[in-house]
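All remarks here apply to the structure that follows.
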Amino acid sequence: GAARTAVPGKVPDDLLKVGDLDPAVLAAVLDLAAEMKAEPLGRQDDLRGASIGCIFEKPSTRTQVSLAVAAHRLGMQALVLHKDSMQLGHGETVADTGRVLSSYVDAITVRTFEHATVEQLADAATVPVVNALSNTHHPCQSLADLLALREHFGALAGLRTAFVGDGTSNTCHSFLSACAASGMHLTIASPAGYEPTEDVLGDAREAMARTGGSVSLVPEPAEAVRGAQAVYAEVWVPMDKPGEKDLRARDLTRYRVDDALLDRAGPDAVAMHCLPAVRGQEITSEVLDGPRSLVWRQAANRLPTAQAVLHTLITAGRRSPN
Ligand code: CP
């Protein structure tokens, strides 16, 4: 079998956002994911008999399935818990839910709306909590993105990337934090009013001062992609803002990643998207299905990165039980 990867440094209790992982731990999680991709069942004995509870307040394909299969590959069982099937959907607090679930499972993942809900769950739980998407952060996606970029380009530090569209999205926020932790350069093109929040930008700039990365904001997609090696597109209407469909279609109409925009990027540029995509809106089918698409590799990498995150947090252990 492959050499076993050790995770150095301080493993956080929980993974609520990419910035919870210091750069050395993040790199080690990616190494572990690569090991698990090469040998999917190589760690099956480490967590045999353990369980995870996966709470979903929103729909999911990639996250739901990758977490369940990741748990299975680590010798664990995953309980997929849709909110309405739980007392959580009928008035029980998230804190009480987290405290009780901690008596049964070895980690909790949660997909929800407000990021504060993830924080409340983590505060109350005595087992690791993994953010499986909140309105402001999507760290599990970013780990898969980083693994895909590292596989494609060989290294992350110094890569020039661009994000085109809704800079307020959880995907953009997390990709920005991932670029910061990995020493990558990111230019974000978004219309006025769709820039990343100041606190996410501030945290990223602070990390970039140490890692050598950079972030800049521009209004024009063509300007953002000039010289970029990777161009990230994201849905225009997030799950929590269905009422803004028409407004966003108007505001973001020039922020589509198509072949013409990709041609303006560097000669080796790849296109990224976290999926699900609205084909023909934020990204064209020609790009998604074309030779410059990294999208399917990003999606595939959700599985080994989920394995690596669960393994890292659960084996690091934490907190005294109830
Ligand atoms: N990218 C992502 O999180 O996909 P799902 O919504 O299908 O989980």
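Rule-based calculations on the coordinates, nothing more; no lab input. If you're wondering where the values come from, they're calculated on a predicted model, not measured in any experiment. Quick reminder, even Gly has a Cβ in these numbers, built from the backbone with ideal geometry, and neighbours come from all protein chains shown.
Figures for the structure shown
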item: Relative contact order (percent, whole number), the chain, Cα cutoff 8 Å, 6+ residue spacing; result: 20 percent
item: Lys/Arg +1, Asp/Glu -1 at C-beta; the chain dipole; positive extreme among T109, A207, P219; result: T109
item: Computed log₁₀ I(q)/I(0) - Debye formula, equal Cα scatterers, no solvent, the stretch 59-131, q 0.25, 0.28 Å⁻¹; result: -1.33, -1.49
item: Cβ-placed point charges (K, R +1; D, E -1), dipole of the chain about Cα centre in debye, nearest 20; result: 580 debye
item: Straight-distance crosslink candidates among lysines, where the alpha carbon sits under 24 Å from K83 and sequence neighbours closer than 8 are dropped; result: K17, K58, K241
item: ³J(HN,Hα) computed for each position of the stretch 59-74 - Karplus, 6.51 cos²θ - 1.76 cosθ + 1.60, integer Hz, glycine/proline x; result: x, 6, 10, 4, 5, 4, 6, 5, 5, 5, 6, 4, 4, 4, 5, 9
item: I188 long-range amide H proximity, modeled H, under 5 Å; result: F163, S216, L217, V218
item: P(r), alpha carbons of the chain - 20 Å bins starting at zero, rounded %; result: 34, 58, 8
item: Equivalent ellipsoid semi-axes - Cα gyration tensor, the stretch 84-227, angstrom; result: 33, 17, 12
item: Size of charge dipole - the stretch 140-300 - debye, nearest 20, with Cβ of Lys, Arg +1 and Asp, Glu -1, no other charges; result: 240 debye
item: FRET efficiency, 1/(1 + (r/R0)^6) with R0 25 Å, evaluated for E244 and S85 via beta carbons; result: 0.30
item: Angle in degrees between helix 115-124 and the longest Cα principal axis of the chain, rounded to the nearest 10; result: 20 degrees
item: The stretch 183-232: C-alpha gyration tensor shape, a/c 1.5 cut-off, then a/b vs b/c; result: oblate
item: Potential lengthening between T93 and A209 on full extension [0.36 nm per residue; Cα-Cα distance subtracted]; result: 37.8 nm
item: Over the stretch 140-300, volume per residue of the alpha carbon convex hull, in Å³; result: 99 Å³
item: Sequence-distant residues sharing a close amide H with F56 (under 5 Å, placed H); result: L81, H82, K83, R111
